[in-house]
1. Dipole size in debye (nearest 20) for the chain around its Cα centre, Lys and Arg Cβ +1, Asp and Glu Cβ -1?
2. What do you get for trypsin sites (Lys or Arg not before Pro) in the range 1-94 restricted to DSSP loop and a cutoff of at most 15 other Cβ within 10 Å of the site's Cβ?
3. Please list, in chain and number order, the residues 5+ apart from V114 or on another chain whose amide H is under 5 Å from its amide H, with Hs placed from the backbone.
4. Taking Cα atoms, how many degrees apart are the long axis of helix 32-41 and the longest axis of the chain, rounded to 10 and kept between 0 and 90?
5. Relative to the longest principal axis of the chain, what angle (0 to 90°, nearest 10) does the C-alpha long axis of helix 15-28 take?
6. In the chain, with Lys and Arg counted as +1 and Asp and Glu as -1 at Cβ, which of these residues, A66, F10, W124, has the Cα nearest the positive end of the dipole, that is, farthest along it?
7. I need the shape label for the chain. Rule: rounded when a/c is under 1.5, else prolate if a/b > b/c, else oblate, with a, b, c from the alpha carbon gyration tensor.
8. Which FRET efficiency value, to the nearest 0.05, do you get for D14 and E85 by plugging their Cβ-Cβ distance into 1/(1 + (r/R0)^6) with R0 = 30 Å?
Amino acid sequence: MTTEPRVLTFPALDSAAAAAHLRAELALEVDPDDLVRDLASGAQQGYMIVETRAPEAFASARIPGAINLPYREMTPESVRELDRELVYVCYCESIHCNAATKGALKLAEFGFKVKRLSGGITAWEAAGYPVDRDTSISSITSTPTPRCAC
């Protein structure tokens, strides 16, 4: 008895539809390797890196040059001074956190161009890329908190 492969339960898109979908996906995502290469080469014009988690998370580890805009605090007033010509690359903890998606959505709804960083700060650190940390913040707390701190 031959069984149909699960992989093909839903047929693959034709090549033009697949290309359009993948192009759209790449228009919304950037990976840590591309970002770190830009930072290392000084090719940082045209975009801003945005940490969308809480200030405590930003203090504990952040991508160099990132700004902190917690998605929960984003309002039209709080983002009024941002440059509308830039693309805002939002990141959060990891693929298990959606603070970057929530922040990017808010910024997009406010009229900004956005992308998300694939894998968040977890993927960034796992690749061995540099992070900035506030030395005044203790990384050990006695109260358990969600890892994503968003």
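1. 240 debye
2. R80, R84
3. Result for V114 returns Y88.
4. On a 0 to 90 degree scale, this one is about 50.
5. Taking Cα atoms only, the helix is inclined about 0 degrees.
6. Ranked along the dipole, the leading option is F10.
7. prolate
8. So the FRET efficiency works out to roughly 0.25.
FYI, it's all coordinate maths here, none of it is from the lab. Keep in mind that what you see is a predicted model, and the values were worked out from it rather than measured. As a convention, Cβ positions derive from the backbone with ideal geometry for all residues, glycine included, and neighbour counts pool all protein chains shown.
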